[in-house]
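Please treat every number below as a calculation from the coordinates, not as lab data. Bear in mind the structure is a predicted one, so any value in this text is a computation, not a measurement. All Cβ positions, even for glycine, are placed from backbone atoms using ideal geometry, and neighbour counts span all protein chains on display.
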Amino acid sequence: MTPEKLDTLATCIAQRLPDLTTQRLADALILHVPVDRLLDTMTLLRDDPELDFTQMIDLAGVHYPERTPPFDVVYQLLSVHKNHRLRVKTGLGEGEAIPSVIGIWSCADWYERETYDLMGILFSGHPDLRRILNDYDFDGHPLRKDFPVVGRYEMRYDEAVGRLVREPVALEIADREPYRRAL
């Protein structure tokens with residue numbers, strides 16, 4: 001987006017949401033929203049004719065294990081008619097739930113399930129929050145920064161037993177010792 005468009009968008013958001021923090025990057029505007037104000041803010045962003053963010057392009061979870069709160073949920077919004085974009089961020093702690101935005105943008109269904117599956121972030125009010133990419137008995141959330149690089153278990157076909165066998169990962173590589181201890 002051009003600097004002029006970013007200025008216009010920042011001014012419009014500051015007028016409508018004066019108590020929320022915005023962050024200006026060279027080519028993007030980020031709106032920081034607390035979890036308890038997420039649904040009201042997202043509805044305003046969609047319904048206000050001057051903002052007109054009718055499309056949610058993406059939703060992703062980000063893990064910062066050394067920070068408090070350790071998770072961010074990041075939404076990418078698009079106004080087709082106004083030709084501008086907005087990034088909305090909200091932080092939350094381990095085990096906290098964030099409200100589902102499916103009632104605002106139905107496309108959030110897949111993204112919220114994916115974020116739950118890969119990051120372990122819970123979405124309250126989601127109609128079908130279950131794993132979408134990993135097996136139901138998969139242990140952990142593989143996109144977290146503290147997830148072991150090689151995983152915890154491996155599946156292999158055992159000729160003697162005649163079926164798939166689930167075994168703990170056993171690495172014999174000397175420089176991978178710290179990962180074996182983490183299992």
Relative contact order of the chain: what whole-number percent is it, with Cα pairs under 8 angstrom and at least 6 residues apart? 14 percent
Near the amide H of residue 71, under 5 Å away, which other amide H atoms are found, from residues 5 or more places off or on another chain, if H is placed in the peptide plane? 64, 92
Once each part is reduced to its C-alpha centroid, what is the distance from segment 109-164 to segment 1-47 in angstrom? 33 Å
What is the sum of charges around residue 154, taking Lys and Arg as +1, Asp and Glu as -1, for the other residues whose C-beta is under 10 Å from the C-beta of residue 154? +2
Summing -39500 (n - 2.57) over every DSSP H run of at least 4 residues in the chain and dividing by its residue count gives a helix-only mean residue ellipticity at 222 nm, to the nearest 500 deg cm²/dmol, of -7000 deg cm²/dmol
For the chain, place one equal point scatterer on every Cα, skip the solvent, and apply the Debye formula. What is log10 of I(q)/I(0) at q = 0.13, 0.15, 0.18 Å⁻¹? -0.75, -0.91, -1.16
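Can you pull out the chymotrypsin sites (Phe, Trp or Tyr not before Pro) in segment 37-113 whose DSSP state is coil and whose Cβ has at most 13 other Cβ atoms within 10 Å?
Sites meeting the loop and neighbour criteria: none at all.
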